[in-house]
1. Say we look at region B:46-65 and pick out the residues that are part of a strand (DSSP E or B) and either free of Cβ contacts under 8 Å to residues at least 24 places away in the same chain or not acidic (Asp, Glu) (or both); which of these is surrounded by the fewest Cβ atoms within 10 Å (Cβ to Cβ)?
2. For region B:187-198, indicate whether the set of residues that are over 30 Å from A:Cys56 (Cβ atoms) and away from ligand 4 (no atom under 12 Å from the Cβ) is non-empty.
3. Which of the residues spanning region B:556-567 are in contact with a strand residue (DSSP E or B) (Cβ under 9 Å, 6 or more places away or on another chain) and farther than 29 Å from B:Ser738 by Cα?
4. Name, by its number, the condition in (1) within 14 Å of chain A (Cβ to nearest Cβ); (2) touching a Pro at 6+ places or on another chain (Cβ under 8 Å); (3) modelled with pLDDT of 95 or more that does not hold for B:Glu141.
5. Run down B:Thr424, B:Thr420, B:Thr348, B:Thr378 and say which single residue is at pLDDT below 90 and closer than 30 Å to B:Ala461 by Cα.
6. Would you mind stating whether B:Ala211 is more than 23 Å from the chain's Cα centre (by Cα), away from ligand 3 (no atom under 16 Å from the Cβ) and open to solvent by less than 20 Å² (accessible area, probe 1.4 Å)?
7. Restricting attention to region A:40-50, does a residue exist that is in contact with a strand residue (DSSP E or B) (Cβ under 6 Å, 6 or more places away or on another chain) and within 14 Å of chain B (Cβ to nearest Cβ)?
8. Name every residue in region B:303-337 that is under 24 Å from B:Gly676 (Cβ atoms) and open to solvent by 10 Å² or more (accessible area, probe 1.4 Å), in order of residue number.
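The values are calculated or read from the model by the stated rules, or taken from the named source; none is laboratory data. What you see is a predicted model; the values in this text were computed from it and never measured. Quick reminder, even Gly has a Cβ in these numbers, built from the backbone with ideal geometry, and neighbours come from all protein chains shown. Side chains are part of the model used for accessible areas, which takes the heavy atoms of the whole protein and leaves out ligands, DNA and RNA. Shrake-Rupley method; radii C 1.70, N 1.55, O 1.52, S 1.80 Å.
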Amino acid sequence: MNPITPIINGLRITLEHLFKKPVTLQYPAERPKVAQRFRGLHALNVSHDKAKCVACYLCPTVCPAKCITVEAGEDANHDKYAARYEIDLLRCIFCGYCVEACPVDAVKMTGEFELANYHRSDFVYDKERLLEKK
Amino acid sequence: MVNLTIDDKQVTAPKNSTIYDAARINGIKIPILCHDKKLKPFGACRMCLVEVEQMRGRQVPACTTPITEGMIIRTSTPDIIKARKMVLELLLLNHPIDCPVCDKGGDCDLQNLTYEYKVNANRFSDEKFHHAIDYSNPLIERDMNRCVLCGKCARICDEIVSFGALTFISRGIETKIGCEFEGSLNCEFCGSCVSVCPVGSLLARPFKFKARFWALTNQKSVCGYCGTGCNLTLGVKDNKVLTTVYDENQGFHNGQLCCRGRFGYQFINSDKRLTTPLVRKNGTLTEASWDEALELVAARLKGAGSSAAALATPRLTNEELVLFKRLMETAGSANYDHSAGYAHAALTEGFAKSFGAAASPATILDIQKSDLLLVIKTDSYETHPVIGFEINMAVKNKGVKLNILSDKRGKLSKLPDAQTLVHTPGSEVAVINALAKTILDDKLAAGTAAAIPGYADLEKALAGFTPEAVAGQSGLSSDAIKRLARDYAAAEKALILFPIGNAYPGHNADLASAVANLALLTGKLGTEGSGVLCMAEKNNSQGAVDMGFYATRGLNAGQIMDGCASGAVKTLFVAGENPVVSYPNRAAISAALDKVEFLVVSDLFMTETAAMADVVLPACSFAEKEGTFTSVDRRVQHIKPAIGKIGQSRTDFEIFGQLIAKLGGQAPATPATVFGEIAASTPGYAGMSYASLGETGAFAQVAVTAAFVVPRTVAVEPAAGKLALVTGSALYHNGTQSQFGEGPMYVCPEGYVELSRTDAARLKIQENDLLNVASAIGSTKLKARITPRMPEGVLFSPYHFGAAGVNQVWGGAPVTWVTVTK
Ligand code: SF4
Ligand code: SF4
Ligand code: SF4
Ligand code: SF4
Ligand code: SF4
Ligand code: FES
């Protein structure tokens, strides 16, 4: 092959790209659209103004990272509810088993991926922080 | 043995087995739902269907069908599996599928079977039940919507507990389990029904929603309340004892527990537990370091000699008691005693003289093997409930005769054909003497009796105790006394049981001797199903006696208290005991403890006694330590820690060891070392080691050298216009510690005084009236309980409650004469 051809080819590609839309995302000004099944930050689904979670302890049981803490409480109607629901995101491996295990569809994983923080304690998401914001 | 074929396997099984038993013995699993090995066969659920060739291949329930020679059985043909699936489908028809919120999830027989038999859909449909759920009591929740009508709860409550709180009500499709008049549960709350319920119909509320079954770590232990020595499994999570887990294969009692054992565990993780040492500074107890506190104590004990004294609770382990004794000896003092030693004088003085051994020459296992049981002094059901279950099963299942000699009736008196002789308080020794006299007069004594030392003296001493003479004094008829004596003598095997404890004072040693005389006279000793079982109060009372933790050379508990008051005792070390509440005559005890120069208390809680101390040391509960306990029948059992120590608390073993070291002595490193020493030096414990105790423990041998001892009797003179107050145990409590267990406190939260209907009517007293009960030494206010079990003129009050102050009235006499006003 002519030794010049590859150089010309290369310059052509560069030239083409000069006139194309860039592929990089101008984050944070531009934000990506994550896939439907992306496994980001958890959220607790709400039903009738309450967390749907019935504190069945299945998600902490299946969680391979052992990062979920559930404590059940008894409400005024003697029903079970999650008095405490906490995920330590520093340990979470985002496997989604918790979502799979939940018998009442109470926990889901959102597209939220911006999870950086300054303090370790900020990675512990308690029930308030996990409750699905409407 | 019967030969049969199960699933093409040639097997044998004992005759009287059911097909289910035969299969189980041979390792073949047949699913069950309504069957329980402790209960009589019932056959309600049909889960255990099997095919029997001889019955033309018909499907029969394995749990109720007895085996016959040559039976050919198949347990899992496709037809059987189909049938079992259908049984489950039918059960699930009405059963709510609320496993995520049901506490039984993970430990539910129905859930497990549904999974095992892959019942993923239901061909039938019906409405679910809408029964109201019973939340009315804090211990047991009843959700009859989940009930599979196996009847286990009703059967255990009837067959073993003998309370009969639950039963099937309504019929057909309406059938459900209910209480009388469909009311709420109001029973003795032993939790037996909860333990056997295969589904989530009956739940322990203290554990409600706390954790899933699979998240618990199970640690086997021994109940820390009474001397029965029940085995128990603690369910632990996050260093907290969350529940007691039922294990039907545990202990002689097959996992049965009483209210205290099952629901009284909360004291272990109570937030009232002491967590740091406290030292009195400027009059107030302030937090201190262990070093500071122990230095102070060691400085006081160093060379203290007889000015130091020690009192221990018999809840300490054997090893701790040995070490405590060694600590006192290092300090130069021989003044130590446990639980107001008089409470155990029956063993240490009575049995020691009569049998030459301070232990009972019979075991709890003898109860079911006997022909006749004689329960003396009080209803042993209240003091040792699980022994009560054994008695109940012996009477109901084995037809064992039951005679009770007591100053009041109790639950045992309600058992079928139970004969109760209610004598006037304080006359029990005289009555037992009269029994012995009758045996002698009627020539019912065994041939061996005359050769036992002291026979002639006894014969002479009993001359005055004719049934006629004693009848007048005891309020019994002479015929009744004679009949009892003859029954006892005639029975081939007869066992005498009598409970002792802090609140059963008076004439313990004499009572023990009197009882021993009966057994010796009739030769009912040393054979299976016969003998005498003295039931000491606390979980390690027998151990304390065996370890010699009572006054032999020094002062006993009473004398120590006197010494404190007179100034002879300057330093008092109280380990786990709460004399202010549990010893007689509170005013005197408080004054003595006020007087003593230096009071050290090691305890789990800030008790009334600890509050008076100069140094308070936080100690560990049984769930946090290692060691051995000895039950009333000398079963030595090993416990291991179930949880880590709470706060800065230390075991008494560590506390005593560190003090010994500070006093310049040599402290053994581990409880195992001390147990080795015990095994080497304590009669009956020879050759024992932690390993040899295993999970079931081992019996320490009792070598009996018999002698007749003439018991002293004190005539209790009735006081005109006054009522006789007897003290004792309430079924739900044991010592003062159960006050920190939420379960027992829900059922029985405060002291009370029981009186008969006649007395109540005469004094115009209504249930729950606040009564002023006054004796010669003091008075207190107690709520009235009117019960049919009390004889006229007799009051009963449990002693456990600090606030009730029964020991302000009661001074340690067997009978306290009181006046009662509103
Ligand atoms: S995603 Fe996986 S690791 Fe994270 S909480 Fe759920 S189960 Fe645990
Ligand atoms: S599995 Fe679902 S219902 Fe159960 S505890 Fe987790 S979030 Fe709650
Ligand atoms: S708790 Fe005991 S007494 Fe009460 S219903 Fe259950 S088994 Fe019977
Ligand atoms: S409540 Fe439980 S133990 Fe009682 S019958 Fe129903 S399922 Fe059986
Ligand atoms: S208190 Fe006594 S009878 Fe009750 S469970 Fe404990 S050891 Fe057994
Ligand atoms: S277990 Fe046999 S019928 Fe229920």
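1. B:Arg58
2. Yes, some residue in region B:187-198 is over 30 Å from A:Cys56 (Cβ atoms) and away from ligand 4 (no atom under 12 Å from the Cβ).
3. B:Gly563, the sole residue that qualifies.
4. (2)
5. None of the others qualify; the one that does is B:Thr378.
6. Considered against the rule, which asks whether it is more than 23 Å from the chain's Cα centre (by Cα), away from ligand 3 (no atom under 16 Å from the Cβ) and open to solvent by less than 20 Å² (accessible area, probe 1.4 Å), B:Ala211 comes out as yes.
7. No; the residues of region A:40-50 include none that is in contact with a strand residue (DSSP E or B) (Cβ under 6 Å, 6 or more places away or on another chain) and within 14 Å of chain B (Cβ to nearest Cβ).
8. Passing the criteria: B:Arg315, B:Val322, B:Lys325, B:Arg326, B:Glu329, B:Thr330.
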